[in-house]
Amino acid sequence: MRPETEAELSEAIRGAKGPLAVHGGGTRAIGAPQAQLLETTGLAGVELYEPGALTLVVRAGTALADVEALLASEQQRLSFEVPDMRALLGRDGVSTIGGVVAANASGPRRVQGGACRDSLLGVRFVDGTGAVVKNGGRVMKNVTGYDLVKLMAGSRGQLGVLSALSLRVQALPETEVTIAAERPLEAGLAALRAALSSPFDISGAGYDRGRALIRIEGMAGSVAYRAEALRQRLGGEWAVFSGQESAALWAGVRDVAALQDGAGSLWRVIAKQTEAARIAGAVGGRAVFDWGGGLIWLLLPGGMGHDLRRALGDSGHASLWRPSAGDETTPTAPEEPPAIAALSRAIRARFDPRQIFAT
């Protein structure tokens with residue numbers, strides 16, 4: 001099914017007789033349920049764009065590339081730096097803005113500008129009964145009552161099908177600079193944490209291929225001052241990359257380029273920054289670190305999920321994004337505590353009482 005209007009989407013959901021798998025561009029989903037596909041790419045187009053108000057209202061099936069091109073024409077961007085997961089997950093297709101929001105897909109700039117959900121002002125979606133639900137507006141103060149805007153971000157099509165989104169955007173910075181230094185893992189991550197706790201407004205803090213990477217963006221004079229001050233504070237030798245060289249470094253971190261061609265099972269780990277080095281050391285494998293160590297992409301031999309989750313303990317959680325031999329039956333998501341699981345079931349029962357949305 002490929003509805004082209006919100007009314008058609010509502011009718012399709014209301015008339016569904018079995019499970020539906022919501023499908024945008026198919027570029028970042030980590031499951032492939034056996035269910036009828038409900039494609040959202042027919043729900044495309046910009047409803048409102050006010051560059052002066054830094055506000056965009058767009059239908060959920062609109063290609064992410066089209067959204068980014070429109071914003072770039074006005075020297076603006078999405079603040080949360082959307083990762084491109086296609087090469088990492090072996091997918092093709094075209095990412096949609098609805099899929100981005102449904103996955104709460106957020107890249108390196110999350111440490112400064114927040115996650116995707118933090119830029120989301122309003123949503124329209126169709127729930128499991130076929131009802132059209134609207135929440136939020138075009139400015140932050142319009143979010144009243146239950147904050148369904150935040151609830152839908154990251155819901156992965158389990159509560160409803162997004163039809164339109166209102167987003168806050170931001171101006172492109174005048175320049176960007178990345179300082180980089182080869183460091184052992186623990187020392188490199190410690191430098192990232194020190195940078196994030198500094199007053200220099202860091203917009204990226206990653207560790208990739210043996211190098212600590214720290215990004216600063218803004219007006220040229222301010223960026224030059226902050227980069228030099230940070231180099232002096234951190235000590236040691238730090239190379240400086242600017243412009244396209246800097247952007248290329250962060251595209252590699254954002255899209256996890258170092259692990260795209262590696263064999264093994266790919267894990268996405270959310271952890272305490274101070275525990276990142278210990279967790280990676282406990283299981284070995286290859287890793288890319290973002291968010292100062294708060295996000296770890298790990299490439300491990302198949303069958304190591306239990307070891308990884310045991311090493312994590314209460315320090316975070318791990319999701320299996322690309323299984324290999326030995327992980328055929330490994331749960332992709334960690335088991336929820338009983339109280340959280342009960343709350344999740346209650347929310348899903350409210351929005352999808354027929355359990356029509358496949359997981």
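The values are calculated or read from the model by the stated rules, or taken from the named source; none is laboratory data. Everything numeric here is computed off the predicted structure, so don't read it as measured data. Cβ placement follows ideal geometry from the backbone for every residue including glycine, while neighbour counts extend to all protein chains displayed.
Would a scan of segment 105-116 turn up a residue that is of a type in the set (D, E, K, R), under 18 Å from the mean Cα position of the chain (by Cα) and assigned to a loop (DSSP other than H, G, I, E, B)? Scanning segment 105-116 turns up at least one residue that is of a type in the set (D, E, K, R), under 18 Å from the mean Cα position of the chain (by Cα) and assigned to a loop (DSSP other than H, G, I, E, B). Tell me yes or no: at least one residue of segment 291-301 is at pLDDT 95 or above and surrounded by fewer than 20 Cβ atoms within 10 Å (Cβ to Cβ). Within segment 291-301, one or more residues are at pLDDT 95 or above and surrounded by fewer than 20 Cβ atoms within 10 Å (Cβ to Cβ). Scan segment 75-88 for residues that are at pLDDT 95 or above and either β-branched (Val, Ile, Thr) or touching a strand residue (DSSP E or B) at 6+ places or on another chain (Cβ under 8 Å) (or both) and the total you get is 6.
Pairs are defined by a Cβ separation below 9 Å, a sequence spacing of at least 6 or placement on different chains, a first member in segment 190-210 that is over 18 Å from Ala271 (Cβ atoms), and a second member that is at pLDDT below 95; the pairs so defined are Ser203/Gly113.
Filtering Arg109, Arg91 for residues that are under 20 Å from Val253 (Cα atoms), charged (D, E, K, R) and modelled with pLDDT under 95 leaves a single hit, Arg91.
Condition check ((1) of a type outside the set (Phe, Trp, Tyr); (2) under 19 Å from the mean Cα position of the chain (by Cα); (3) buried (at least 19 other Cβ atoms within 10 Å of the Cβ)) across all residues:
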| residue | (1), (2), (3) |
| --- | --- |
| Gly90 | yes, yes, no |
| Val94 | yes, yes, no |
| Gly122 | yes, yes, yes |
| Val126 | yes, no, yes |
| Gln170 | yes, yes, no |
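Among the residues here, Gly42 qualifies as without any contact (Cβ under 8 Å) to a residue 60 or more places away in the chain, within 30 Å of Leu172 (Cα to Cα) and not hydrophobic (A, V, I, L, M, F, W, C). Just one of the numbered conditions (1) in contact with a helix residue (DSSP H, G or I) (Cβ under 9 Å, 6 or more places away or on another chain); (2) over 30 Å from Glu176 (Cβ atoms) is not true of Ala333: (1). Here is the figure for segment 307-336: residues that are outside any loop (DSSP other than H, G, I, E, B) and touching a residue at least 24 places away in the same chain (Cβ under 8 Å) total 12. Residues that are in contact with a helix residue (DSSP H, G or I) (Cβ under 7 Å, 6 or more places away or on another chain) and not assigned by TED's automatic domain parsing to the domain that holds Ala277 number at least 3 in the following strands (runs of 3 or more DSSP E) confined to segment 185-248: 202-208, 211-218.
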